[in-house]
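Here the structure is laid out as structure tokens; the discussion comes afterwards.
The values are calculated or read from the model by the stated rules, or taken from the named source; none is laboratory data. The shown structure was predicted, so the numbers you read here are calculated from the model rather than taken from an experiment. Neighbour counts are summed over all protein chains in view; Cβ atoms, including those assigned to glycine, are modelled from backbone coordinates with ideal geometry. Calculation scope for accessible area: heavy atoms of the full protein, side chains included, ligands and nucleic acids excluded. Shrake-Rupley method; radii C 1.70, N 1.55, O 1.52, S 1.80 Å.
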Amino acid sequence: RRLPRIGVLSTGNELTPAFGQPTKIGQGKIPDVNRPMLLTQLAAYGNCIPVDLGIVSDEDSSSISKLLDDALWSESCTENVDVLVTTGGISMGEKDVMAKVFVEGMNGKLHFGRMNMKPGKPTTFITIDRKSDQGAMRRKLIFALPGNPVSASVCTELLVRPCLDLIHDSVASDEDEESF
């Protein structure tokens with residue numbers, strides 16, 4: 001049995017890669033520290049395979065939907081993710097489009113969109129169900145986390161990790177049934 005694959009995606013026009021090629025960060029730009037931090041945090045859990053999905057601009061909702069649709073469902077992609085964690089684009093601002101992308105653009109079901117918790121108030125949880133080509137129903141889990149690095153890390157520890165533990169325990173104990 002394989003471990004669930006968890007994609008990590010950062011959103012925002014203001015983001016630049018935090019590591020790698022040295023670049024001069026221009027005015028209005030910030031380094032993307034969330035994605036590398038969460039990839040490292042998730043890898044340390046040992047209950048999933050983290051997948052780096054990069055940075056996406058929050059300008060075009062249809063482009064975001066297409067990228068995420070490919071990451072979650074593409075038949076040509078042998079490395080689809082089972083769980084998706086996004087950071088940024090989930091609060092109340094004009095450019096915070098991720099909930100709309102998941103619910104309206106991808107027919108997701110919103111389970112909660114705000115939490116009475118700080119840090120992490122705008123955290124959102126969505127599921128998306130689709131039938132595979134073989135007719136089996138497949139469910140993808142989406143955790144849309146705030147863009148603040150402390151909020152993203154805390155929410156990953158408090159919400160994503162227990163979910164991954166449940167999936168991992170289910171996969172480990174359920175050898176006869178279809179899973180990830």
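Rolling a 1.4 angstrom probe over the protein chains, ignoring ligands and nucleic acids, what is the accessible area of residue 55 in square angstrom, nearest 10?
Its heavy atoms expose roughly 60 Å² to the probe.
Of the listed pairs 66/109; 118/140; 29/121; 29/140; 109/140; 109/131, which have alpha-carbon separations greater than 20 Å here?
From 66/109; 118/140; 29/121; 29/140; 109/140; 109/131, over 20 Å: 118/140; 29/121; 29/140.
Hey, with R₀ at 41 Å, roughly what FRET efficiency would residue 33 and residue 137 work out to, going by the Cβ-Cβ distance, to 0.05?
0.65
So how much slack lies between residue 111 and residue 16, counting 0.36 nm per residue of separation and subtracting their Cα-Cα distance, in nm? Don't skip to the end; give the middle numbers.
Numbers: separation 95, 0.36 × 95 = 34.20 nm, distance 3.09 nm.
Full extension of this stretch gives 31.1 nm more.
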